[in-house]
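Asks: Structure in structure tokens, see below.
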Amino acid sequence: MDIRQAMAAQAYAQPRLTPPTAEPQNGNAFTQAVTSFAETVAQGEAQATAAMTTGADPHSLVTALAQTELAVETAVTIRDRVVEAYQEILRMPV
């Protein structure tokens, strides 16, 4: 085995680094909301993967997917309201 193969095997053996999570500073509500949304979606994905691969509890899968659906609907509603507010500002006479 040459050195390149050993280095590649060692690199694959190390755990992957996870991206740093955004730390809310000074009570930044937007950062907290985005972090919470990302965590909810990640939990839903993890539960779905576990249910497909290991046959995890179906009740926890349904709960996680319902929470994810609610989070996505909330994000879409917030986006729609921001777009409406922006359009309203553009309609204002200068």
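The values are calculated or read from the model by the stated rules, or taken from the named source; none is laboratory data. The model shown is predicted, which means the values in this text are computed figures rather than measured ones. Neighbour counts run over all protein chains shown; Cβ positions are idealised from the backbone, glycine included.
Asks: Hey, among Glu45, Glu84, which residue is among the acidic types (Asp, Glu), modelled with pLDDT of 85 or more and surrounded by 12 or more Cβ atoms within 10 Å (Cβ to Cβ)?
Replies: Details: Glu84 fails: surrounded by 12 or more Cβ atoms within 10 Å (Cβ to Cβ).
Of Glu45, Glu84, the one residue that is among the acidic types (Asp, Glu), modelled with pLDDT of 85 or more and surrounded by 12 or more Cβ atoms within 10 Å (Cβ to Cβ) is Glu45.
Asks: Which residues, counting only those in the range 53-89, are small (Gly, Ala, Ser) and within 19 Å of Gln43 (Cα to Cα)?
Replies: Gly55, Ala56, Ser60, Ala64, Ala66, Ala71, Ala75
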